[in-house]
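Report on the structure given below.
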Amino acid sequence: MDKAAYHKRWDHLEQIQREHSNLPESGIENRSALHKILTNTFREFVVACYCDHWREVYQSSAFSLTSDRDVLIARAIKAHHWTPGIATSLTNYDLALSLIDELATFKLTEMAVHVCYMNLQDLPKADYQALIGPHE
């Protein structure tokens with residue numbers, strides 16, 4: 001994936017977080033709310049990149065994992081030996097949470113890391129480095 005595609009994905013995920021927070025797209029913002037938006041966007045970005053990785057790995061299988069949810073379900077089934085029924089009954093957030101060990105150690109591509117650094121600049125340096133560091 002190229003830099004523009006990563007930026008587009010980040011922007012889309014951040015817009016979703018802003019809509020949930022009711023904060024404007026620009027202007028003076030509540031710093032704690034902005035911190036929460038950016039942290040949540042980063043989390044969702046890592047999950048999306050994780051899903052891209054596994055979608056590519058599973059590409060040669062007989063199963064078409066087209067959505068991030070499909071990938072999260074497949075990974076949760078593998079990690080926890082759940083039945084598909086159990087995995088599909090969970091929300092995407094719950095599925096991602098069930099994969100927290102994998103997500104915590106997942107390494108982003110160099111371009112994805114670059115996009116994270118570019119988009120997290122509004123956070124204090126120590127905060128964004130703590131978020132990104134484990135994924136480099």
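For the chain, the percent of C-alpha pairs falling in each 5 Å distance bin, counted from 0 to the bin holding the largest distance, reads 2, 10, 19, 20, 20, 14, 9, 4, 2, 0, 0.
Between 0 and 90 degrees, rounded to the nearest ten: what's the tilt of helix 68-80 against the longest Cα principal axis of the chain? Once rounded, the angle reads 60 degrees. For helix 3-21, what angle does its Cα long axis make with the longest principal axis of the chain, in degrees from 0 to 90 and rounded to 10? Approximately 80 degrees, to the nearest 10.
With a Förster radius of 30 Å applied to the C-beta separation of SER60 and ARG31, the computed FRET efficiency comes to 0.05. Sorting LEU95, LEU103, LEU34 by the number of Cβ atoms found within 10 Å of their own Cβ, with the fewest placed first, yields LEU34, LEU103, LEU95.
With the simple model of a label 7 Å out from the Cα in the direction of the Cβ, THR91 to ARG69 spans 1.3 nm.
Sequentially through segment 126-136, phi angles give Karplus couplings (6.51, -1.76, 1.60; θ = phi - 60°) of 4, 5, 6, 5, 5, 5, 7, x, x, 9, 7 Hz, Gly and Pro residues having no value and appearing as x.
Every number here is computed from the coordinates shown, using simple stated rules; none is lab data. Just so it is clear, the structure is predicted and the values come from calculations on it, not from any experiment. All Cβ positions, glycine included, derive from the backbone under ideal geometry; neighbour counts span all protein chains shown.
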